[in-house]
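Q: Dumping the structure here so I can ask a few things about it.
The values are calculated or read from the model by the stated rules, or taken from the named source; none is laboratory data. In this text, all values refer to a predicted model and were calculated from it rather than measured experimentally. Cβ: placed from backbone, ideal geometry, glycine included. Neighbour counts: every protein chain shown. Just the protein is used for accessible areas: all its heavy atoms, side chains included, with ligands, DNA and RNA removed. Shrake-Rupley method; radii C 1.70, N 1.55, O 1.52, S 1.80 Å.
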Amino acid sequence: MKIKNLLLFSILSLSLVSCSNTNYTETNNVIYANPGESNFIADEPDPWEPFNKRMYYFNYQIERLVITPIVNTYKFITPDFVENRVSNFFKNAKVLNTMANSAFQFKGRKSMRALGRFTINTVLGLGGLFDVASKMGMPKPYEDFGLTLAHYGVPRGPYLILPLLGPTYLRDAFGTGVDSVIAGKADLYKRMELFDSATVNFTDPGLFVLRGIDLRKNINFNYYQTNSPFEYEYVRFLYSKYRGIQEETSK
């Protein structure tokens, strides 16, 4: 997640150079730029801004009261070695989405690379617990259904903050749902007879929660840590650039 870490660094940097002459108002813990003010970060349209800012604050409260204590407890009681094996397992399973979406875009070579990476890590890496493929120098291809829709010319749509999941776009929010279905249906672990289906079931609520904890643990970002009144705008601007990089890389 080097790109996400770079985004966090950029947010902190931008907070230091925010324009001091820009006025803003705060209503119900939600900060709005005053009409008529110009800010290069806010120039991109955000038609659902009132909803998004309230959802941003909602996610902050949920993270502060629920998610952060759970993640900290998980990190405290789980040895680093075990944490890394869990992360590798879920990262390996996510490669199946890349394989499927590469196929949807008729990128046969990329799809085979993803399949090769999954197979190597699953067979030689004890079910994906060890990232053998990276040590062998194999590339890490990435695709998701949002990028598949972009490949066929579907626009991003409005910027959207989802509960718990955070920033996305309308197109990519739909793509996230499709990717979840793909992850649930593509049970190659069972097909390869490496695990008993009763042992590894990606639709199991416990495994779903563990996946969410692991995902949040690996994202180096906390709401309102920049101490800037324009953090929402910074996150929106930089997420747009981050998604743009993914779209360009996918071409």
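Q: Just checking, which of Leu65, Leu6, Leu12 is part of a helix (DSSP H, G or I), modelled with pLDDT under 95, open to solvent by 50 Å² or more (accessible area, probe 1.4 Å) and over 22 Å from Asp144 (Cα atoms)?
A: Leu12
Q: Please give the number of the condition Ile182 fails out of (1) surrounded by fewer than 18 Cβ atoms within 10 Å (Cβ to Cβ); (2) part of a loop (DSSP other than H, G, I, E, B); (3) at pLDDT below 90.
A: The number of the failed condition is (2).
Q: Inside the range 46-81, can you point out the residues that are polar (S, T, N, Q) and either in contact (Cβ under 8 Å) with a residue 60 or more places away in the chain or touching a Ser or Thr at 6+ places or on another chain (Cβ under 9 Å) (or both)?
A: Asn52, Asn59, Thr68
Q: Please enumerate the residues belonging to the range 71-90 that are under 13 Å from Arg216 (Cα atoms) and open to solvent by 80 Å² or more (accessible area, probe 1.4 Å).
A: Scanning the range 71-90 gives Asn72, Lys75.
Q: Among all residue pairs at least 6 apart or on different chains, which show Cβ distances below 7 Å where the first residue, located in the range 103-119, is among the basic types (Lys, Arg) and the second is in a helix (DSSP H, G or I)?
A: Lys110/Ser102; Arg117/Val95; Arg117/Ala133
Q: Among the listed residues Asn88, Asn84, which satisfies the condition of being touching a residue at least 40 places away in the same chain (Cβ under 8 Å), part of a helix (DSSP H, G or I), more than 21 Å from Gly177 (Cα to Cα) and under 19 Å from the mean Cα position of the chain (by Cα)?
A: Asn88 is the lone residue from the list that is touching a residue at least 40 places away in the same chain (Cβ under 8 Å), part of a helix (DSSP H, G or I), more than 21 Å from Gly177 (Cα to Cα) and under 19 Å from the mean Cα position of the chain (by Cα).
Q: Within the range 225-243, how many residues are closer than 19 Å to Leu147 by Cα and open to solvent by less than 20 Å² (accessible area, probe 1.4 Å)?
A: Residues flagged as closer than 19 Å to Leu147 by Cα and open to solvent by less than 20 Å² (accessible area, probe 1.4 Å) within the range 225-243 amount to 4.
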